[in-house]
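Asks: First the structure, which I've put down as structure tokens, then a few questions once you've had a look.
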Amino acid sequence: MTITVALVKETTPGERRVALDPGAVAKLVKRGVRVVAEKGAGDAARYPDDAYADIECVDDASAALGACDVLVKVHPPSEAEIDALPEGAVFAGFTEHDRHPEAMARMRDRGVTALSFELVPRITRAQSMDALSSQGTITGYKGAVMAAELSGRLFPMLTTAAGTIRPAQVVVIGAGVAGLQAIATARRLGAQVQAYDIRADAREQVESLGAKLIETGVDATSDGGYARELTDDEKAKQTEVLAERLARADAVIATAGVPGRPAPKIISGDMVANMKNGAVIVDLRAENGGNCELTQPGETVEHGGVLIAGPNNVPSLAAVHASEMYGRNLLALLDPVLGEEGVNVDLEDAVFDACALVHAGTIRHEATRRKIEGEG
């Protein structure tokens, strides 16, 4: 049985990524999958239609959607896209279920299965499917570059005929994938870097990159490699130590967050008020509410001489490589789904038991189900 995968343009404003780059499409076609794409689907990512071999192009998205077994996107499909899908189709991509519960409800009602990258478990077998990590890597890299660009200081130490320039002092908040890449990039640019994470086990990774871990005496490590919410006493300890470190920083790169939840508020307005004139904060969690109280999503604002940047959709700024990495994640996720007899989502498989947010007319992710159905 031939399986059809649909590739359509992303409709989210400012999005430049495409779910499948030409290399990913070629691998699907090689294994006998039919790929139907909306014309211009890859244009924003600098992949024109003629870069894709053996792909069927159609004039509009509805033509691709109506014929597909699997829809791949970066962002969740719109209501119109969901309505155009055949019953029993599979969507694979970021579901953004905390912000778009209505799309999850519509997929439930239409009998569409939603495979959520946010819910792919952190197990060894699923590492190649981890789109949060691949896109987080790009976010961290770009965040460090933004901080260097916005800063009025040079990041490296330079010895010149005009004297010695001391290296910039950078603080990275959060030592997940994005934070670690921000540390590595800021270090490559020559800055002296300190990092903070509420998980004590982040120390080894931070120090392996040549940065120092800021000690607060708080350890909030939880299951799954993420962090639990802090108690009031722990928040007070965190604030006291961080306020002193941020006051000496030339640049702060904030990356702390847990998928599916609002970003924790770590940098208060008082902390910003005590920072150096000319210091920079790049808040990479702006789309989820921001780690800084003063962040304005999509804007760069100034408070008391401190620049606060709240960029949205940072991976889209490197659309070529972001799309390439995302395409590889999709291939890994879909590989067990695309069988010889058709599409099969095996809920006995630990990966799909975790990431199948919607399946067979049921919202399987409990927090999303309660939000939609008005419980708790």
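The values are calculated or read from the model by the stated rules, or taken from the named source; none is laboratory data. Predicted model only: the values in this text are computed from it and were never measured. Every residue, glycine as well, gets a Cβ built from its backbone with ideal geometry; the counts of neighbours run over all protein chains shown.
Asks: Any residue at all in the stretch 146-162 that is touching a Ser or Thr at 6+ places or on another chain (Cβ under 7 Å), more than 19 Å from Lys276 (Cα to Cα) and among the small types (Gly, Ala, Ser)?
Replies: Checked against the condition, which is being touching a Ser or Thr at 6+ places or on another chain (Cβ under 7 Å), more than 19 Å from Lys276 (Cα to Cα) and among the small types (Gly, Ala, Ser), the stretch 146-162 yields no hits at all.
Asks: Hey, another quick one. Got a sec? Which of Glu102, Glu96, Glu87, Glu118 is in contact with a Lys or Arg (Cβ under 8 Å, 6 or more places away or on another chain) and either modelled with pLDDT of 95 or more or not aromatic (Phe, Trp, Tyr) (or both)?
Replies: So the residue among Glu102, Glu96, Glu87, Glu118 that is in contact with a Lys or Arg (Cβ under 8 Å, 6 or more places away or on another chain) and either modelled with pLDDT of 95 or more or not aromatic (Phe, Trp, Tyr) (or both) is Glu87.
Asks: Then there's this: Quickly run through the stretch 1-26 and pick out the residues that are among the β-branched types (Val, Ile, Thr) and either surrounded by 24 or more Cβ atoms within 10 Å (Cβ to Cβ) or within 20 Å of the chain's Cα centre (by Cα) (or both).
Replies: Scanning the stretch 1-26 gives Val5, Val8, Thr11, Thr12, Val18, Val25.
Asks: When you look at Gly224, is it at pLDDT 95 or above and exposed (fewer than 15 other Cβ atoms within 10 Å of the Cβ), yes or no?
Replies: No; evaluated as a whole, the condition is false for this residue.
Asks: Please indicate, with yes or no, whether at least one residue in the stretch 20-30 is touching a His at 6+ places or on another chain (Cβ under 6 Å) and assigned by TED's automatic domain parsing to the domain that holds Ala356.
Replies: Scanning the stretch 20-30 turns up no residue that is touching a His at 6+ places or on another chain (Cβ under 6 Å) and assigned by TED's automatic domain parsing to the domain that holds Ala356.
Asks: Are there any pairs, at least 6 apart or on different chains, whose C-beta atoms fall under 8 Å, with the first in the stretch 28-55 and touching a residue at least 40 places away in the same chain (Cβ under 8 Å) and the second among the aromatic types (Phe, Trp, Tyr), and if so, which?
Replies: Every condition considered, the pairs that remain are Gly42/Tyr52.
Asks: Just checking, does the stretch 127-138 include any residue being crowded, with 16+ Cβ neighbours inside 10 Å, touching an Asp or Glu at 6+ places or on another chain (Cβ under 7 Å) and of a type in the set (Val, Ile, Thr)?
Replies: No - not one qualifying residue is present in the stretch 127-138.
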